[in-house]
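The values are calculated or read from the model by the stated rules, or taken from the named source; none is laboratory data. These figures come from a predicted structure and were not determined experimentally. Heads up, the Cβs are rebuilt from the backbone with ideal geometry, glycines too, and the neighbour counts pull from every protein chain shown.
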Amino acid sequence: MTHLAIAANGLRKSYGDKVVLDGVDLAVPEGTIFSLLGPNGAGKTTAVKILSTLVSPDPGSGALRVGGHDLAADPQAVRAAIGVTGQFSAVDGLITGEENMLLMADLHHLSRSEGRGTAAELLERFDLTDAAKKPASTYSGGMKRRLDLAMTLVGNPRIIFLDEPTTGLDPRSRHNMWQIIRELVADGATVFLTTQYLEEADQLADRIAVLDDGKIVAEGTAGELKRLVPGGHVQLRFEDPGAYERAAAALRETVRDDQALTLQIPSDGTQRDLRAILDRLDAADVHADTLTVHTPDLDDVFFALTGGAGVTAPTKEVVR
């Protein structure tokens, strides 16, 4: 039986006449990475703030449970189970990295010896030991984000909210952060990730939800979401003009390139669809020299589902 780390039904939030979240449902299994994508102003940060007890949902929202605890009835238990790294660093630049860690240990009511031990362990884990005695203001952007996440882990949370944790980082620092996130989940944590980097969600998330105008417009794995938008195809390339012509006759809906001897066949990229194409080639006794499967990427999905590129977003598509 799958246990849910986060379960939200009919989550709603408005500020005056502005509806930010309009009946959002979320289900995040324990030990997974769940990514919430959406354009600026879609409501991602508001969702994180509500689920981490920083903001109250509107009356009329359904049941909200985090870490098995009811958000309304037992917010303190929720806080004890979670850690939050927001868009803006919580690091105090006027004190050292070690002092930032010890301050968090004090806030979690750890004993002096336990706090020092935890701080030293996390500073080493995040490759910050050499910089521990230096003011945090001297840290690079990547170091500050690592320190920020290390501070979040002082209380050993099993559910971690990461709100755009790699914004502003260079590619190397971003990839280092991805590895840290994977290790957290390998150790049994659950990560709720919001991000503006579609590649980040593609690389990390077990499941992705796309939020637009306060509603979840699609949900599924990265592969499932990519199959929601058109444009996927199989490309066959031939060296023998005769084989090329026989393949073109055997296949339907092909786009020909007679000069390059390539055929492009619409495909959703599934094994079943690919097998059907290969079966038709086998029946015609034709063998392609190369076969390439092209599927839309998350950029295509994002623009399609959030109303970009002239594509109308569906009411809701949930892929199970």
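See the values below:
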{"read-out": "In region 90-124, residue modelled with the lowest pLDDT [restricted to those that are in contact with an Asp or Glu (Cβ under 7 Å, 6 or more places away or on another chain) and aliphatic (A, V, I, L, M)]", "value": "A90"}
{"read-out": "Residue list for region 254-303, restricted to those being of a type outside the set (A, V, I, L, M, F, W, C) and at positive phi", "value": "G269, D285"}
{"read-out": "Condition check for E224: out of contact with any Ser or Thr (no Cβ under 8 Å at 6 or more places or on another chain) and of a type in the set (D, E)", "value": "yes"}
{"read-out": "Pick from region 183-197, criterion touching a residue at least 24 places away in the same chain (Cβ under 8 Å), more than 8 Å from the chain's Cα centre (by Cα) and not in a strand (DSSP E or B), ranking: surrounded by the fewest Cβ atoms within 10 Å (Cβ to Cβ)", "value": "G188"}
{"read-out": "Region 258-308 - residue that is among the charged types (D, E, K, R) and assigned to a loop (DSSP other than H, G, I, E, B) and, of those, surrounded by the fewest Cβ atoms within 10 Å (Cβ to Cβ)", "value": "D285"}
{"read-out": "In region 116-130, the residues that are in a helix (DSSP H, G or I), touching a helix residue (DSSP H, G or I) at 6+ places or on another chain (Cβ under 8 Å) and surrounded by fewer than 20 Cβ atoms within 10 Å (Cβ to Cβ)", "value": "R116, A120, R125, T129"}
{"read-out": "Positions within region 135-171 being at positive phi and under 21 Å from the mean Cα position of the chain (by Cα), in sequence order", "value": "E164, G168"}
{"read-out": "Checking S113 against (1) surrounded by fewer than 19 Cβ atoms within 10 Å (Cβ to Cβ); (2) in contact (Cβ under 8 Å) with a residue 24 or more places away in the chain, the condition it does not meet", "value": "(2)"}
{"read-out": "Matching residues, region 75-98, being assigned to a loop (DSSP other than H, G, I, E, B) and more than 26 Å from the chain's Cα centre (by Cα)", "value": "D92, G93, L94, I95"}
{"read-out": "Filter result for D148 (touching a residue at least 60 places away in the same chain (Cβ under 8 Å) and outside the structural domain of V55 (by TED's automatic domain parsing))", "value": "yes"}
{"read-out": "Count - residues of region 198-246 that are in contact with a Phe, Trp or Tyr (Cβ under 8 Å, 6 or more places away or on another chain) and either over 28 Å from S52 (Cβ atoms) or not in a strand (DSSP E or B) (or both)", "value": "8"}
{"read-out": "Region 154-180, residues that are surrounded by 22 or more Cβ atoms within 10 Å (Cβ to Cβ), in contact with a strand residue (DSSP E or B) (Cβ under 7 Å, 6 or more places away or on another chain) and not in a strand (DSSP E or B)", "value": "P165"}
{"read-out": "Matching residues, region 131-153, being crowded, with 19+ Cβ neighbours inside 10 Å and of a type in the set (K, R)", "value": "K144, R145, R146"}
{"read-out": "Cβ pairs under 7 Å, 6+ apart, first in region 60-80 and in contact (Cβ under 8 Å) with a residue 60 or more places away in the chain, second not in a strand (DSSP E or B)", "value": "R65/L71; V66/L51; V66/V78; V66/A81; G67/V78; G67/A81; G67/R158"}
{"read-out": "Region 198-251, subset more than 19 Å from the chain's Cα centre (by Cα) and touching a residue at least 60 places away in the same chain (Cβ under 8 Å), residue surrounded by the most Cβ atoms within 10 Å (Cβ to Cβ)", "value": "V234"}
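Table: residues versus (1) part of a loop (DSSP other than H, G, I, E, B); (2) surrounded by fewer than 18 Cβ atoms within 10 Å (Cβ to Cβ).
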site: D22; (1), (2): no, yes
site: G31; (1), (2): yes, yes
site: A47; (1), (2): no, no
site: A73; (1), (2): yes, yes
